[in-house]
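Below is one structure, written out as structure tokens, with a few remarks after it.
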Amino acid sequence: MPFAYYKRLSAKQRRIYDESDAVVRIQLPGAEKMQARVAALARALRKSDRKATEQASRQLTEAILKALGVAGVRVRVLAARPSHDWGELHGLYEPEEGRKPLLTVWMRTAQRRQVVAFKTFMRTLLHEIMHHLDYELFELDDSYHTEGFYKRESSLFRQLVPDPSLYEEGTTPRATRRSAATSEGRTRRKAGAKRAARKTAAAEQQHLPFGDS
Ligand SMILES: [Zn+2]
């Protein structure tokens, strides 16, 4: 079932959408070797260190794109998310003529200026990388939010963060983390993320082509 905006697309756009929707997974070579970079990113974010978060995001993005044999991007991490009546912007992918595309992720919420949770930040970063991959890896003429797009994003997340409970806030000893994060809690959060993603798809199509609110 395509998203509602499919109805408004032209025949050419629908072909791109269908192509995007058909690819549900990405195999990331050497994903397990990137886990140190993922952990560095989580640490920097937890310390609310913008520069270190940016540096870690750059290194992780570079490693992912290199492993996939795809051209690089510029990565920027900014403080508080811009907000508007349509909501908050989480990330942005901006292709630029004659330059590497610019990928931006915000690390604080607009309202309370709190540092976003690791999983949220990581998903946003991977989401924006997905837009880049649509053009550079899948050679699509446009990058749409399709169910396939979100599944690819999740597949990349699962390979890089096989055990999200390791990064959960508030639980310290490694041994107790697994039991603290009940599978029920995880499922519920996942369902919430999915709902948010769907809402984003609708909102983003109407407002900014690659802004992720
Ligand atoms: Zn997007």
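Please treat every number below as a calculation from the coordinates, not as lab data. Note that the structure is predicted; figures quoted are calculated from it, not measured. Cβ placement follows ideal geometry from the backbone for every residue including glycine, while neighbour counts extend to all protein chains displayed.
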Review point. Using the count of nearby Cβ atoms within 10 Å as a rough guide to exposure, how do 109, 146 rank from fewest to most?
Key: 109, 146
Exercise for review: Describe numerically, in nm with one decimal, the distance between label points set 7 Å from Cα along Cα→Cβ at residue 109 and at residue 51.
Suggested key: 2.8
Review point. Quick one: length gained pulling residue 33 to residue 139 fully straight, 0.36 nm per residue minus the C-alpha distance?
Key: 35.5 nm
**Study point:** the range 23-163 - convex hull of alpha carbons, volume per residue in Å³
**Key:** 112
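If packing is taken as the average count of other Cβ atoms within 10 Å, what order do 71-80, 21-30, 49-58 fall into, highest mean first?
Details: 71-80: 16.9, 21-30: 14.6, 49-58: 18.4.
So the peptides 71-80, 21-30, 49-58, ranked by packing, come out 49-58, 71-80, 21-30.
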Practice item. Sequence neighbours fewer than 8 away in the same chain don't count; with that in mind, list the aspartates and glutamates whose C-alpha is under 14 Å from residue 7. Key: 18
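Could you count how many Lys pairs in the range 15-144 have their Cα atoms under 22 Å apart, skipping same-chain pairs fewer than 8 positions apart? The partial results should precede the final answer.
Working: 33/66; 33/119; 47/119; 51/100; 51/119; 66/100.
Eligible lysine pairs with Cα atoms under 22 Å apart amount to 6.
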